[in-house]
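Scroll down for the structure; my scribbles are underneath it.
Derivation of every value follows stated rules applied to the coordinates shown; laboratory data play no part. Everything quoted here is computed from the prediction, not taken from an experiment. Glycine gets a Cβ as well: all are built from the backbone with ideal geometry, and neighbour counts include every protein chain shown.
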Amino acid sequence: MATTDRDYYELLGVERNASEGEIKRAFRRLARELHPDVSEAPDADERFREVVEAYEVLSKTETRDLYDRYGHAGLRSGGFDPGHVDFGSLADLFSAFFGDEILGGRGRGGRARGADLAAIVEIDLVEAARGASREVPFEVAVTCSHCGGDGAEPGSEISTCPTCNGSGRLQQVTRSVFGEFVRTQTCPTCSGSGRRIEQPCSECKGAGRVVEERTVTVEIPPGIHHGQAIRLSGEGHAGLQGGRAGDVLIEVRIRPDERFVREGDDVYTTVDLTFTQAALGATVQIPTLDGEEDLELGAGTQPGEIVVLKGRGMPVLQGFGRGDQRILVNVLVPRRLTDEQRRLLREFDEHTDERTYGKSEGLFDKLKSAFR
Ligand SMILES: [Zn+2]
Ligand SMILES: [Zn+2]
């Protein structure tokens with residue numbers, strides 16, 4: 001269930017036409033300000049949840065569209081459940097600023113694995129057919145080189161946290177009419193590390209990590225499909241105190257190419273013939289994934305006919321061979337005729353008989369067999 005009925009744009013303090021970047025920045029600023037561990041405000045917890053929910057909806061094109069068009073009701077009918085936050089998509093943001101513990105990612109001893117990071121690259125269909133290489137820039141939390149991830153100024157002392165005696169956890173006992181409740185929480189003094197740093201590192205202020213701009217090169221394999229992701233192991237956010245780094249997940253989006261429609265590994269194109277070209281036969285230029293090519297069409301080519309170029313479609317991802325290219329023939333019938341043209345066509349018509357047009361497979365049957 002949605003936890004708030006307030007306007008998501010208002011919650012983040014952005015315009016309705018705000019860009020992805022603006023939304024991300026607004027969220028980061030508010031999240032840092034309102035995080036319950038940081039904020040003193042009594043309603044910080046609730047406001048933090050609302051802001052997370054708003055970001056969760058507005059940061060994804062799919063849910064943002066739904067919300068823009070139909071509001072909260074649209075999200076509910078679309079099966080979206082904002083109360084159930086998908087932490088995967090937020091993990092990178094949170095961990096970069098607060099550390100992994102608020103996501104429960106930290107194991108005992110504080111050697112938590114770093115969070116994954118998500119990025120998007122856009123390529124053309126022709127690049128998807130050939131494979132491509134892309135430089136992807138992103139912000140990543142890396143181990144602080146000054147303290148080696150310790151969080152302590154080199155040479156300074158590290159002692160056992162006096163609040164939790166080094167366990168990193170605290171038990172809170174609450175008594176009520178129903179009995180005694182024991183709640184275990186992360187030690188607020190040491191954030192679960194069990195250590196007390198006497199003098200925080202001057203570079204990372206004790207966080208053990210710093211945010212850095214980095215670029216990775218991603219190799220996109222031929223035949224990749226729209227929406228598929230490539231995982232780069234160990235290139236994500238650094239772990240805490242020597243924990244393993246997370247991964248980078250790069251989602252590949254393929255820009256639509258107006259010349260082709262992709263269907264699995266096959267591509268479809270159309271070719272326009274004038275009615276004289278169709279009747280007399282012609283050689284025409286067609287686009288293929290390998291460039292422009294000449295295609296020879298025989299006399300009497302019919303509209304709706306489909307020419308199949310075997311093995312000229314998309315490469316099979318991580319497999320062998322390629323799909324096919326299917327070319328749908330469209331025949332253009334003149335829309336405006338001069339008196340002279342009209343006269344010539346009438347004269348032509350007088351010279352035709354049943355054999356001129358002959359019999360052929362119906363257009364409908366052809367379409368059925370081509371798209372099967
Ligand atoms: Zn440091
Ligand atoms: Zn402690």
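Largest first, the extents of the alpha carbon coordinates of segment 1-71 on the three principal axes equal 36, 27, 15 Å.
Amide H contacts of Gly300 (H built 1.01 Å from N, in plane; Pro and chain starts excluded): Ala279, Leu280, Gly281 sit under 5 Å, all sequence-distant by 5 or more or on other chains.
Listed values for segment 296-312 are Karplus-derived 3J(HN,Hα) couplings in whole Hz (6.51 cos²θ - 1.76 cosθ + 1.60, θ = phi - 60°), namely 9, 10, x, 4, x, 5, 9, x, x, 5, 10, 9, 9, 9, 5, x, 10, and x replaces Gly and Pro. Calculated translational diffusion coefficient of segment 271-364 (25 °C, 0.890 mPa s; Stokes-Einstein with Kirkwood radius over alpha-carbon pairs) equals 156 µm²/s. Residues in segment 45-54 carry Karplus couplings, in order, of 4, 5, 5, 4, 4, 4, 5, 4, 4, 4 Hz; the curve used is 6.51 cos²θ - 1.76 cosθ + 1.60 with θ = phi - 60°, and Gly or Pro positions show x. Taking the average, over residues, of other Cβ atoms within 10 Å as the packing measure, peptides 322-331, 210-219 rank 322-331, 210-219 from highest down. Based on Cα contacts under 8 Å between residues 6+ apart, segment 164-291 shows a relative contact order of 13 percent.
Applied to segment 60-73, the Karplus parametrisation 6.51 cos²θ - 1.76 cosθ + 1.60 on θ = phi - 60° returns per-residue 3J(HN,Hα) values of 10, 3, 4, 6, 5, 4, 4, 5, 4, 7, 10, x, 4, 4 Hz, with x for Gly and Pro.
Amide H contacts of Glu263 (H built 1.01 Å from N, in plane; Pro and chain starts excluded): Tyr268 sit under 5 Å, all sequence-distant by 5 or more or on other chains. Amide H contacts for Val331 (H built 1.01 Å from N in the peptide plane; partners 5 or more residues away or on another chain; cut-off under 5 Å): Leu273, Gly304.
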